[in-house]
Amino acid sequence: AASGINEKYAVYSQEIDPYNQRRISLLGELRNAIDKDVLQLYFQPQICLDTMEVSGAEVLIRWIHPEYGFIPPDEFIPLAERTGVIQPLTYWICRKAFQFMHSLSSQGYNLNLSINISARNLQDPHFKDQVCKIAKEQDVTLEKVIMELTETAVMHNPDEALRVLGELSAAGIRLSIDDFGTGYSSLSYLKKLPVNEIKIDRSFVMEMAKNNDDQVIVHTTLTMGHNLSLEVVAEGIEDEATLLKLKEMGCDLAQGYHIARPMPANEFFTWLSNYRND
Ligand code: C2E
Ligand code: CA
Ligand code: CA
Ligand code: CA
């Protein structure tokens, strides 16, 4: 019996260890990865369903590791959040994103840019000032900037969130609730916080053309959002049927692989100039 336990332990530690090692090594490397070419920003278009015009893009980070290859943000963002690296990382993301925004507007594109923000960023007392400073350095205004936060991030410390989000909003930044419908919080924050947009989680969107329950959830969210004067975005649109259904339901904005995958800045420009020209 004793050897059975040992065997179990051996199997367990063998299975867990490679991941732990990778995690520990990633942790150490993340800080150094900032400002190197290994971290890159990708941009995924959003379109206005009414006009079918491109309205903006979401900024999504990529880490191409020399040894491990592509590391998904779902793996390293939580690490960055736990260690506090998320703060310099988010400033780096803002700087790069604003640079991109500047080149967009110098080529005549007036698009919104959505940036993902963590709960930890709201704990930084200088967050608003830093973001304003970076925007000034890159010569962009904040009216076209949207910050995406999850319900969980907002409810982590509601009073703090209220203060920081109030400051960001006063600076002209718009706020979006990401992964809407997946948190366990009450909806009361929607009337307390300066929210402009909700983003229906892709788990409700991906199969809604086939799944009636998903359609009911999307429809109800749309009605509530519009009654609260919020813009509603659907993410995770993977086929034409879903796109048409959302258009028919009156959803404002759409994002998903069916429209375009996230892409690096140069490809984004090519995509933009070909959009609806073909
Ligand atoms: P998210 O904010 O919910 O981002 C949307 C995710 O859905 C992205 O995954 C995107 O590539 C993916 N996606 C887009 N269209 C489709 C589709 O049609 N079908 C499916 N199945 N997926 C689609 P990604 O880029 O792997 O990012 C994962 C998460 O990592 C993000 O979820 C966000 O929470 C976090 N993240 C990414 N970039 C950043 C960042 O710059 N800062 C922070 N704080 N978090 C980030
Ligand atoms: Ca997002
Ligand atoms: Ca999302
Ligand atoms: Ca997410």
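The values are calculated or read from the model by the stated rules, or taken from the named source; none is laboratory data. This structure is a prediction, so every number in the text was calculated from the model and none was measured. Ideal geometry is used to build each Cβ from the backbone, glycine not excepted, and the neighbour counts take in all protein chains shown.
For residue 207, state whether it is touching a Ser or Thr at 6+ places or on another chain (Cβ under 9 Å), within 11 Å of ligand 1 (Cβ to nearest atom) and farther than 19 Å from residue 113 by Cβ.
Spelling it out, residue 207 is indeed touching a Ser or Thr at 6+ places or on another chain (Cβ under 9 Å), within 11 Å of ligand 1 (Cβ to nearest atom) and farther than 19 Å from residue 113 by Cβ.
Restricting the range 185-216 to residues that are of a type in the set (Val, Ile, Thr) and under 21 Å from the mean Cα position of the chain (by Cα), the residue that is farthest from ligand 4 (Cβ to nearest atom) is 195. Scanning the range 207-227 for residues that are buried (at least 20 other Cβ atoms within 10 Å of the Cβ) and farther than 21 Å from residue 147 by Cα turns up 208, 218. When you scan the range 139-152, do you find a residue that is closer than 17 Å to residue 126 by Cα and part of a helix (DSSP H, G or I), even just one? Yes; the residues of the range 139-152 include at least one that is closer than 17 Å to residue 126 by Cα and part of a helix (DSSP H, G or I).
Among residues of the range 219-237 that are over 12 Å from residue 195 (Cβ atoms), those with a Cβ under 7 angstrom from a residue that is modelled with pLDDT under 95 and not in a strand (DSSP E or B), sequence gap 6+ or separate chain, pair up as 221/181.
Per-residue answers, yes or no, for (1) within 16 Å of ligand 1 (Cβ to nearest atom); (2) surrounded by 18 or more Cβ atoms within 10 Å (Cβ to Cβ); (3) within 26 Å of residue 242 (Cα to Cα):
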site	(1), (2), (3)
137	no, no, no
152	yes, no, no
161	yes, yes, no
166	no, no, no
172	no, no, no
180	yes, yes, yes
183	yes, yes, yes
